[in-house]
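**Q** Below you'll find the structure I mean.
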Amino acid sequence: MTIKTANLGFPRLGKKREWKKAIESYWAQKINKAELDQTLQDLHKEIINVQKDHHVDQIPAGDFSLYDHVLDTSLLFNIIPERFQGRPVDDELLFDIARGNKDHVASALIKWFNTNYHYIVPEWDNVSPKLNHNVLLEKFNFTKAQGVNAHPVILGPITYVALSKGGEQSFDEKVRTLLPLYNEVFESLTKAGAGYIQVDEPILVTDQANELQAITKEAYEFFNKETPSTQIVLQTYFERVDLSFVAQLPVCGLGLDFVHDNGYNLQQIKDGLFPKDKVLFAGIIDGRNVWAANIEEKKLLIETLQSYVNEIVIQPSSSLLHVPVTLGEETLDNSIRDGLSFATEKLDELYALKQLFNEQDDTLYNQLKEQFERFENQSFKQLEYDYDSVKSERTTPFKERKIVQDQVLNLPDLPTTTIGSFPQSREVRKYRADWKNNRISDEQYETFLQNEIKRWIDIQEEIGLDVLVHGEFERNDMVEFFGEKLNGFLVTKFGWVQSYGSRAVKPPIIYGDVKWTEPLTVKETLYAQSLTDKPVKGMLTGPVTILNWSFERVDIPKSEVQDQIALAINEEVLALEEAGIKVIQVDEPALREGLPLRSEYHEKYLDKAVHSFRLSTSSVLDSTQIHTHMCYSQFGQIIHAIKSLDADVISIETSRSHGDLIKDFEDITYDLGIGLGVYDIHSPRIPTEEEITVAINRALQEIDRSLFWVNPDCGLKTRQEDEVKEALNILVQSVEKIRQDNAVKQPN
Ligand code: GLN
Ligand code: ZN
């Protein structure tokens, strides 16, 4: 049986982020709309041609977007947020919905399943769904016109509705409203020559899938009945599906993920659940990580699949949107390059397999196989670790530690602090960039950092905060900074992936064993401490977050990588402690977002996360106060894990949802130190003294005063200096009044 290859989506960004640059230049009015359109069209062509040059049999059309594919779907079906209705549906409207304008706020952004991509949440309040200008048809025709076999890609109705919010209608009613509109689009595409249409329904891999079965069945039966000539491939990714259910749907093909399914998709196929009359679109090449495939293993997988199904198309496990474009522009040591594969290189892997199976030509296959084997045997993957000498739990219980810490730190009632970063002004960013590009000397850079630290220590003293921070001016990003300094991490030059809209991130790549070799943050922290008698808090990123925001290696279990990072952070914690730092914060903002898609894996994930956090923070003296920080407010299902972290103080975001959060903490009698964010740092608005006082007093009704800290929601790096000073002054004044009132009430 011959096999074909297909792709599900290609990164939009361009090799050197041309996409981002063009769009942002347009926003800044540096280029006009015609220039933007032309640049994007050229880029789109380039993307199609890369796939063509790599002999992809089926190239997606519709994945290339001006901002986000979910937003594209909203515009296609006229699901326009109420506040933006009544305007022509064009690119200006699209940008306004995504970014907000002077009159209206933007639509919300939410993480796309368990990736670091964010989509624009569709809003259903008072919408009038209809088929707008058929942009998908245009994209399909454009792609085909480049002389390739294209298939349209569209987000399916079940997933689309599941990701939306608002509106009076029920879930099923919303789907039913959309079905005829989808149908119209399908018909137009089939008429235009589409062989099949890739309909993405990733929601079917989540826990929610069960309750959606009836409406899913109804939807796909409707399509089959109304447009029998349309060939639909139901595409899933990121986890397993319930094959016995999707097998019954009247579609011509099923797209399954064989990389992130924990083995279950393959198992179901071996159990004979794959229907003989459907084509299997087998996602065998990891679409969301940067590793070269173990090509021999892939060959065996194809052989196994062939014995169970009649027709196979091989493809990446998901859209390649989640990986960088190409290795081509990187200067890398061959020992590492051998192991990597970005979007373009993944197409080579598919081609190698196709040639092997269809032409019995193993040239490319053998080359990739050798590269993979060389990489597997590199010495940077075989380090030894001594886990036994590192504690995974603090020996003294919190209550006793607290007594010692209170003596050492001698903090006032309701201590105040901040989350770590101060404004990353244009000047700060410029100095960092100049230093990176060798335009200024190490000395000049360090002098600048010291001046900035000193300036902000003075500001904090003046304001009257109790636990100070150095301000994190040396950090571009809370993960990349550590990635640049720890062994085992690679920071690429162009390894960007889209995070949301025109925003891209460059996650470090963990290619080998992680090791700490020298202090990372001690110099700056110590300098700050030398300027003040108040305690300066050391600032680190925790192992769970570093792992979650990096590309992690997959040849050893994820939890092992996480523990290696934990040991490295532990070294840094101890180095800070040894240097005399008494308060150390280990941030874990990504702890909750790392939760697996299927809840059956949650407990194990949380256990491992807690273990790693504790490995990195438990070897300190009783007198060293460990803080952690998380930037969200719904703890519900993870609150037990949060308590098990056993951090002396946790600071969290709450200003936008006070009541709910406190309830989570009350329900399990959280009896460790807790700092509630008393004002929202995401907005330039300065809080009033009254607001802060109300927030504190409300919290104090539920939380033991001796455990309570006062702080802003999150780091202040995106704010203006004046805003920060004013807001923190008000925060401290509010606290001082509450302290005085209390002193009057309780004379002793
Ligand atoms: N310490 C970091 C900062 O203040 C925390 C950032 C975060 O929570 N995402 O910037
Ligand atoms: Zn935060």
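**Q** Using a cut-off of under 16 Å, list every residue of segment 42-66 whose amide N is near the label point 7 Å from the Cα of Asp361 along the Cα-to-beta-carbon line.
**A** 52-57, by backbone N distance to the label point.
**Q** What area, in nm² and to one decimal, does the C-alpha convex hull of segment 74-215 cast on average over all directions? Walk me through the intermediate numbers first.
**A** Numbers: hull surface 38.4 nm².
Averaged projected area of segment 74-215's Cα convex hull equals 9.6 nm².
**Q** Roughly how big is the chain's charge dipole about its Cα centre, with Cβ charges of +1 (Lys, Arg) and -1 (Asp, Glu), in debye to the nearest 20?
**A** Working: 80 positive and 118 negative charges, 237 e Å.
Value, rounded to 20: 1140 debye.
**Q** Under 15 Å Cα-Cα from Lys604, which aspartates and glutamates qualify once same-chain neighbours fewer than 8 residues away are excluded?
**A** Lys604 reaches Glu560, Asp563, Glu593.
**Q** Dipole of segment 216-263 (Lys/Arg Cβ +1, Asp/Glu Cβ -1, origin at the Cα centre): which of Asn262, Val246, Ser229 lies farthest to the positive side?
**A** Ser229
**Q** In addition: Less than 11 Å Cβ to Cβ from Met478, Lys/Arg counted +1 and Asp/Glu -1: what total charge do the surrounding residues give?
**A** Values: positive: Arg475, Lys717; negative: Glu472, Asp477, Glu480, Asp587, Glu588.
That works out to -3.
**Q** First obtain the Kirkwood hydrodynamic radius of segment 374-419 from its Cα pairs, then insert it into the Stokes-Einstein equation at 10 °C and 1.306 mPa s, and state the resulting D in µm² per second as a whole number.
**A** 104 µm²/s
**Q** While we're here: Select from Gly488, Ile510, Gln498 the residue farthest towards the positive end of the dipole of segment 477-563; place +1 on Cβ of Lys and Arg, -1 on Cβ of Asp and Glu, and compute about the Cα centre.
**A** Gln498
**Q** Starting from the Cα coordinates of the chain, work out the convex hull volume and express it per residue in Å³. Write down the numbers at each step before the final one.
**A** On the way: hull volume 123.9 nm³, N = 748.
Taking only Cα atoms, the chain has a hull volume of 166 Å³ per residue.
**Q** Something else now. Please work out the FRET efficiency for the pair Lys191 and Ser623, using the Cβ-Cβ distance as r and a Förster radius of 51 Å; give the result to the nearest 0.05. Intermediate values should be presented prior to the final figure.
**A** Working: r = 75 Å, r/R0 = 1.47.
FRET efficiency, Lys191 to Ser623: 0.10.
**Q** Here's a follow-up. Mind pulling the angle between the C-alpha long axis of helix 33-53 and the longest principal axis of the chain? Nearest 10 degrees, somewhere in 0 to 90.
**A** Approximately 70 degrees, to the nearest 10.
**Q** For segment 629-726, max minus min Cα coordinate along each principal axis, in Å, sorted largest first?
**A** 38, 24, 21
**Q** Tell me, what does the Kirkwood hydrodynamic radius of segment 358-485 come to in angstroms if you use every pair of distinct C-alpha atoms? The partial results should precede the final answer.
**A** On the way: mean 1/r = 0.0491 Å⁻¹.
After inverting the pairwise mean of 1/r, the radius is 20.4 Å.
**Q** Taking the Cα atoms of segment 49-111 alone, what are Rg (to one decimal) and Dmax (as a whole number) in Å?
**A** 15.1, 48
**Q** Could I ask something else about it? Between segment 82-142 and segment 703-748, what is the separation of their alpha carbon centroids in Å?
**A** Between the Cα centres of segment 82-142 and segment 703-748 lies a distance of 40 Å.
**Q** Across bins of 10 angstrom width beginning at 0, how are the C-alpha pair distances of segment 81-120 distributed, in whole percent?
**A** The distribution over segment 81-120 is 29, 47, 21, 3, given as percents.
**Q** How many Å² of accessible area per residue for segment 1-96, probe 1.4 Å?
**A** Values: 3810 Å² over 96 residues.
For segment 1-96, the solvent-accessible area averages 40 Å² per residue.
**Q** Next question, about the same structure. Let me see the pair-distance distribution of segment 411-477: every alpha carbon pair, 10 Å bin width, integer percents in order.
**A** Bins of 10 Å from zero give 20, 46, 23, 10, 2 percent of pairs.
**Q** Subtracting the Cα-Cα distance from 0.36 nm times the residue separation, let me have the gained length for Asp207 to Asp458 in nm, one decimal. Present the calculation step by step, with values, prior to reporting the outcome.
**A** Numbers: separation 251, 0.36 × 251 = 90.36 nm, distance 5.15 nm.
Computed gain between Asp207 and Asp458 is 85.2 nm.
**Q** To test your reading of the geometry: what angle, between 0 and 90 degrees and rounded to tens, separates the Cα axis of helix 689-702 from the longest principal axis of the chain?
**A** 90 degrees
**Q** Using alpha carbon coordinates only, what is the Rg to Rh ratio of segment 133-207, with Rh defined as the Kirkwood radius? Kindly include the intermediate steps, with their values, before the conclusion.
**A** Working: Rg = 14.1 Å, Rh = 13.6 Å.
Result for segment 133-207 is an Rg/Rh of 1.04.
**Q** Using the Cα centre of segment 622-748 as origin and beta-carbon charges of +1 (Lys, Arg) and -1 (Asp, Glu), tell me which of Ala727, Asn697, Pro712 is placed farthest towards the positive end of the dipole.
**A** Among Ala727, Asn697, Pro712, the one farthest towards the positive end of the dipole of segment 622-748 is Ala727.
**Q** Applying a 10 Å radius around every beta-carbon, put 224-234, 521-531 in order of their mean neighbour count, most first. Could the numbers behind the result be given before it?
**A** On the way: 224-234: 17.3, 521-531: 19.5.
Averaged packing, sorted descending, gives the order 521-531, 224-234.
**Q** Kirkwood Rh over alpha-carbon pairs of segment 557-703, then Stokes-Einstein at 10 °C and 1.306 mPa s: what D in µm² s⁻¹, rounded to an integer? Don't skip to the end; give the middle numbers.
**A** On the way: Rh = 16.5 Å.
D, rounded to a whole number, is 96 µm²/s.
**Q** Oh, and also: On a 0 to 90 degree scale, rounded to 10, what angle separates helix 295-306 from the longest Cα axis of the chain?
**A** In the chain, helix 295-306 runs at an angle near 50 degrees to the longest axis.
**Q** What is the gain in length, in nm to one decimal, between Glu384 and Asn410 on full extension, counting 0.36 nm per residue of separation less the C-alpha to C-alpha distance? Provide the component values of the computation, followed by the final result.
**A** Values: separation 26, 0.36 × 26 = 9.36 nm, distance 4.13 nm.
So the chain would gain 5.2 nm between Glu384 and Asn410.
The values are calculated or read from the model by the stated rules, or taken from the named source; none is laboratory data. Remember, predicted model here, so these are calculated numbers, not experimental data. Neighbour counts run over all protein chains shown; Cβ positions are idealised from the backbone, glycine included. Calculation scope for accessible area: heavy atoms of the full protein, side chains included, ligands and nucleic acids excluded. Shrake-Rupley method; radii C 1.70, N 1.55, O 1.52, S 1.80 Å.
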